[in-house]
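Here's the structure, in structure tokens; my notes come after.
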Amino acid sequence: MDETTSYPPIEPSNFDLIVVGTGLPETILAAAASAVGKSVLHLDPNPSYGSHYASLPLQEFTSYIESHSSQSSSNLPIPQSDMDSGFTRVPITTQPLYSSVEITSYSSEPLEQSRKFNIDLSGPRVLLCADAMIDLILKSEVNQYMEFKSIDGSFISDGEGNLESVPDSRSAIFKDRKLSFTEKNQLMRFFKLVQGHLEAATAADGGESSESKSISEQDLESPFVEFLSKMGLSPKLKSIVLYAIAMAEYDQENGDVCKSVLKTKDGIDRLALYHSSVGRFPNAPGAMIYPIYGQGELPQAFCRRAAVKGCIYVLRMPVNSLLMDKASGSYKGVCLASEQVLFSHKLILAPSFVVQLPLPHSSPDAHDFGLRNTTEKLARSVCISKHSLKLDVANCLAFFPPRSLFPEQVTAIHVLQLSSNVAVCPSGMFLTYLSAICEDDVQGKKLLHAAINVLFHVPVSGSPGNNNFAEDQSETGDAKPALLWSVLYTQELAKFQDVVDNIIRTPMPDGSPYYHDLLGATEKIFQELYSGEEFFPKSTSSEEGAAQELED
């Protein structure tokens, strides 16, 4: 018997909101709707929570990537009219969101310990301690379902194959032996200028005048790279500020290839966020933290919070079709794989689901309603090794600025190394995530292969069996860790655009290592669905108490 038909009927059969998919945006929206009193049904065809934001064991991870990269049929099912109910059933299908999957195993050891891995589908990603996502975690109190550890530090490529520490605070600047005395003075003066501008802005909000310390409006609207040059920063310091702290994606020095110019006002806001993150929590002295057991803990935590507020959860339950009113063509409900019909005022779909249009107020050939496809893609990789990228460093971020690997490199590459102390891999192994914005699969693989070759010793043969190579490498003093296993793949990018007839598809994970933009898009969806409702009303318990629990 099909396991979907063995479920007892879901009761009630009418909801304010039905959510399909348990990725992070969907779980936040379900929890937010539940928090303002909406009745919510949350479905997922998968056997576990997280969708494209899940953390999975090694073999399940590769199975998920491969199953979501298969080419779907170009012939979509035809909508069927239900003569008895007055509804038209519009089939729901899935689309491939990953492509060009390349898996290489140099040792059998990782696969032998598959269940000891928790690999993020959306890595590399960390939490800035002062980011809006942390504020939401505290406000919604989902922190009671999670634990975190501090990221040890950040590094940036010097363009010659070496990773150098990012001087992201006053003490780090003084301790940095790679910076010249002149560069230390330049960076200190620049940070002091930014601090003065922020204090002046705060004073202005309070009705005080501090124009002498403010950066001019003309400078704030100018490209950040030009402002950094105006402030006298060396090329090395500009690279650190732009790509390791302000997180610019594209080559800011080359206007011909830069698709996203970072303005000075936005760059300063990012610097302010970064510096306010440093030391926010006593047990996390750095700017960033990471959830123990992986990023997949975040959607699970929001699911638990929504369940407390009355949200109903059903896993392993596909949705076969939407119910559209014959007369008006408007959305009314869904038909499950179990053949049960459920009704709701609004519907949220994960990005892998496609509905055959037309729907009211939409173009006849638009299948991706509610999303705006981009010309960009996101190349991702996961690497497993037995040694750290940096001696005595367990968990760290690293960055390859544009042109640091080869002259045609136009986007930055983000790298995150994690160890067993955050419970994502077996003891004695390390997980390393890489990602880069790219135009196509070929460019994406070129970017990531270049970074992998700099970071790791890659065996000539891809055949498994050389399990002693990592130990041999440590004995010979090779500075690079040996690569045991790797996967490279390309992820589609799509951004939220609009709500169509009370139906919305959530966006895919973006290329940022932080959550700020993703949370902003999610909150926008909530306001489109429930205009005037507060996004997570503050609970009776204090945020300060929640912050203390997060620190502990």
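The values are calculated or read from the model by the stated rules, or taken from the named source; none is laboratory data. What you see is a predicted model; the values in this text were computed from it and never measured. Cβ placement follows ideal geometry from the backbone for every residue including glycine, while neighbour counts extend to all protein chains displayed. With ligands, DNA and RNA removed, areas are computed over all heavy atoms of the protein, side chains included. Shrake-Rupley method; radii C 1.70, N 1.55, O 1.52, S 1.80 Å.
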request  = Any residue in segment 330-341 that's over 18 Å from Asp501 (Cα atoms): show its pairings with residues that are hydrophobic (A, V, I, L, M, F, W, C) and open to solvent by 10 Å² or more (accessible area, probe 1.4 Å) at Cβ separation under 7 Å, as long as the two are six or more apart or on different chains.
outcome  = Leu336/Val319; Gln340/Ile10
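Would segment 301-321 turn up any residue that is over 27 Å from Ile28 (Cβ atoms) and either open to solvent by 50 Å² or more (accessible area, probe 1.4 Å) or assigned to a helix (DSSP H, G or I) (or both)? So that I can check it myself, show each step before the final result.
We begin by selecting, within segment 301-321, every residue over 27 Å from Ile28 (Cβ atoms); these are none.
For segment 301-321, residues over 27 Å from Ile28 (Cβ atoms) and either open to solvent by 50 Å² or more (accessible area, probe 1.4 Å) or assigned to a helix (DSSP H, G or I) (or both): absent.
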task = Note down all Cβ pairs under 9 Å where the first residue falls in segment 377-390 and is acidic (Asp, Glu), the second is crowded, with 24+ Cβ neighbours inside 10 Å and in a loop (DSSP other than H, G, I, E, B), and they're at least six residues apart or on different chains.
result = none
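Pick out the one residue from Ala470, Ala398, Ala479, Ala412 that is out of contact with any Pro (no Cβ under 6 Å at 6 or more places or on another chain) and at pLDDT 95 or above. Working first, answer last.
Numbers: Ala470 fails: at pLDDT 95 or above; Ala479 fails: at pLDDT 95 or above; Ala412 fails: out of contact with any Pro (no Cβ under 6 Å at 6 or more places or on another chain).
Unique residue meeting the criteria: Ala398.
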request  = Please give the number of the condition Arg403 fails out of (1) crowded, with 18+ Cβ neighbours inside 10 Å; (2) part of a loop (DSSP other than H, G, I, E, B); (3) of a type outside the set (Gly, Ala, Ser).
outcome  = (1)
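Part of a helix (DSSP H, G or I) and in contact with a strand residue (DSSP E or B) (Cβ under 6 Å, 6 or more places away or on another chain), is that true of Ala244? Steps first, please.
Working: part of a helix (DSSP H, G or I): yes; in contact with a strand residue (DSSP E or B) (Cβ under 6 Å, 6 or more places away or on another chain): yes.
It is true that Ala244 is part of a helix (DSSP H, G or I) and in contact with a strand residue (DSSP E or B) (Cβ under 6 Å, 6 or more places away or on another chain).
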message = For segment 214-239: of the residues being surrounded by 14 or more Cβ atoms within 10 Å (Cβ to Cβ) and assigned to a loop (DSSP other than H, G, I, E, B), which is modelled with the lowest pLDDT?
response = Ser214
query = In segment 135-180, which residues are open to solvent by 40 Å² or more (accessible area, probe 1.4 Å) and closer than 30 Å to Val308 by Cβ?
reply = Asp135, Lys139, Gln144, Tyr145, Glu147, Lys149
query = If you take the residues of segment 357-373 that are under 25 Å from Leu121 (Cβ atoms) and surrounded by 15 or more Cβ atoms within 10 Å (Cβ to Cβ), which of them is modelled with the highest pLDDT?
reply = Phe369
ask   = If you take just the strands (runs of 3 or more DSSP E) that sit entirely in segment 148-200, which of them hold at least 2 residues that are free of Cβ contacts under 8 Å to residues at least 60 places away in the same chain?
value = 163-165
request  = Residue by residue through segment 287-302, note down the ones that are touching a Cys at 6+ places or on another chain (Cβ under 8 Å) and either small (Gly, Ala, Ser) or within 18 Å of Leu17 (Cβ to Cβ) (or both).
outcome  = Ala287
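Has segment 38-46 got at least one residue that is within 19 Å of Arg304 (Cβ to Cβ) and among the small types (Gly, Ala, Ser)? If you could, list the steps in order and put the result at the bottom.
Restricting attention to segment 38-46, the residues satisfying the condition of being within 19 Å of Arg304 (Cβ to Cβ) are 38-44, 46.
Add one more test, that the residue is among the small types (Gly, Ala, Ser), and what stays is 39.
Yes, segment 38-46 has at least one match.
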Residues of segment 446-467 satisfying the condition of being in contact with a helix residue (DSSP H, G or I) (Cβ under 9 Å, 6 or more places away or on another chain) and at pLDDT 90 or above = His457, Val458, Pro459
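Quick one: in segment 279-290, which of the residues that are in a loop (DSSP other than H, G, I, E, B) and modelled with pLDDT under 90 is nearest to the chain's Cα centre (by Cα)?
Step one: filter segment 279-290 for residues in a loop (DSSP other than H, G, I, E, B), giving 279-280, 282-283, 285-287.
Add one more test, that the residue is modelled with pLDDT under 90, and what stays is 279, 282-283, 285-286.
On the way: Gly279: 23, Pro282: 25, Asn283: 24, Pro285: 23, Gly286: 20 Å.
Only one residue tops the list, namely Gly286.
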message = farther than 30 Å from Val422 by Cα and β-branched (Val, Ile, Thr): which single residue out of Val314, Val319 fits that description?
response = Val319
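Any chance segment 379-386 includes a residue that's open to solvent by 10 Å² or more (accessible area, probe 1.4 Å), closer than 30 Å to Ile103 by Cα and at pLDDT 95 or above? Break it down stepwise before answering.
The initial filter retains those residues of segment 379-386 that are open to solvent by 10 Å² or more (accessible area, probe 1.4 Å), namely 386.
With the extra rule that they be closer than 30 Å to Ile103 by Cα, the set shrinks to 386.
Now restrict to residues that are at pLDDT 95 or above: 386.
Yes.
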note = Counting only residues in segment 488-509 that are surrounded by fewer than 21 Cβ atoms within 10 Å (Cβ to Cβ) and either among the polar types (S, T, N, Q) or within 25 Å of Ile289 (Cα to Cα) (or both), the one modelled with the lowest pLDDT is identified as Gln497
request  = Search segment 262-279 for residues being in contact with a helix residue (DSSP H, G or I) (Cβ under 8 Å, 6 or more places away or on another chain) and either open to solvent by 70 Å² or more (accessible area, probe 1.4 Å) or free of Cβ contacts under 8 Å to residues at least 60 places away in the same chain (or both), and hand back the single one that is nearest to Tyr515 (Cα to Cα).
outcome  = Arg270
query = Can you find a residue in segment 28-50 that is without any contact (Cβ under 8 Å) to a residue 60 or more places away in the chain and more than 30 Å from Lys538 (Cβ to Cβ)?
reply = no
